[in-house]
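Have a look at the structure below, then the notes.
The values are calculated or read from the model by the stated rules, or taken from the named source; none is laboratory data. As the structure is a prediction and not an experimental result, all values here were calculated from the model. Note: ideal-geometry Cβ built from the backbone for every residue, glycine included; neighbour counts use all protein chains shown. Heavy atoms of the whole protein, side chains included, go into the accessibility calculation; ligands, DNA and RNA do not. Shrake-Rupley method; radii C 1.70, N 1.55, O 1.52, S 1.80 Å.
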Amino acid sequence: MRVLVVEDEIYLAEAVQAGLRLEAIACDIVTDGDAALERLAVHSYDVVVLDRDLPGTHGDEVCRTIVRQQLGCRVLMLTAAARLDEKVAGFELGADDYLTKPFDLPELVVRLRSLARRPAQATPPVLEYAGLRVDPFRREVYRDGRYVALSRKQFAVLEVLMTARGGVISAEQLLERAWDENADPFTNAVRITISGLRKRLGDPWLIHTVPGVGYRLAETDTDPGRSPR
């Protein structure tokens, strides 16, 4: 595992570097946001340990860049603030984990190894596809800039379809991912929810039915064998 520690308190950064090396974790350190972006442009890292309050480019912008450019590394955000709203803000930026200073090195090591086992982040914190913008944290949906009010279940179904980015999702998969384990596999809840979701999103319809397979999200349905309903 290779880790980049971005921390402007040089003594803390060096202590973390020394501790991680004792755990057989390769670790580079930089002390400002500009240097972090330069290093990320040249090297590949499994995890970036990122202080939020950095000189130069702010830690929040570094995190946004990692997510926007899909650099393939996880982000563990560091902050001196323990407030819940600070942590929520970090996760909204696309951070994968959060650690409040001061922290114990063994906890950092455990979190790093856990993050490194996960596949690289595949989806940004705000989903955009087919003219839709979906913010899972704020539970907000916009179509071409227009706010769309959805029920909780409609939002859950749309989030699954957005994540697939045009791929076909079966009714069974929607039941598994948007309903709980008590859902009746023979229910028509998926069909009813899809119908209501289409109406809320407006014309032209974005959710297309692939007969006998499931549903897909797209601005146009070019396959004549597929039904928009």
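Numerical summary
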quantity: Projected area averaged over orientations for the chain, convex hull of C-alpha atoms, nm²; calculated: 14.9
quantity: Dipole of the chain, positive direction: furthest Cα of Val134, Ala24, Val6, with charges on the beta-carbon; calculated: Val134
quantity: The chain: angle of helix 10-22 to the longest principal axis, Cα-based, in degrees nearest 10; calculated: 80
quantity: Sum of -39500 (n - 2.57) over DSSP H runs of 4+, divided by residues of the chain (222 nm, nearest 500); calculated: -12000 deg cm²/dmol
quantity: Antiparallel DSSP beta bridges within the chain, as percent of all bridges there, nearest 5; calculated: 45
quantity: Solvent-accessible ranking of Arg138, Arg111, largest area first, probe 1.4 Å; calculated: Arg138, Arg111
quantity: Rounded to the nearest 10 Å², the accessible area of Ser114 at probe 1.4 Å; calculated: 40
quantity: Point-to-point label distance, Phe103-Ala15, nm (Cα→Cβ direction, 7 Å offset); calculated: 1.4
quantity: Derived scalar couplings ³J(HN,Hα) [region 158-173; Karplus, 6.51 cos²θ - 1.76 cosθ + 1.60; whole Hz; x for Gly, Pro]; calculated: 5, 4, 5, 5, 5, 5, 6, 6, x, x, 7, 10, 6, 4, 5, 5
quantity: Share of carbon and sulfur in the accessible heavy-atom surface of the chain [1.4 Å probe, %]; calculated: 49
quantity: Most to least packed among 139-147, 154-162 [average Cβ atoms within 10 Å]; calculated: 154-162, 139-147
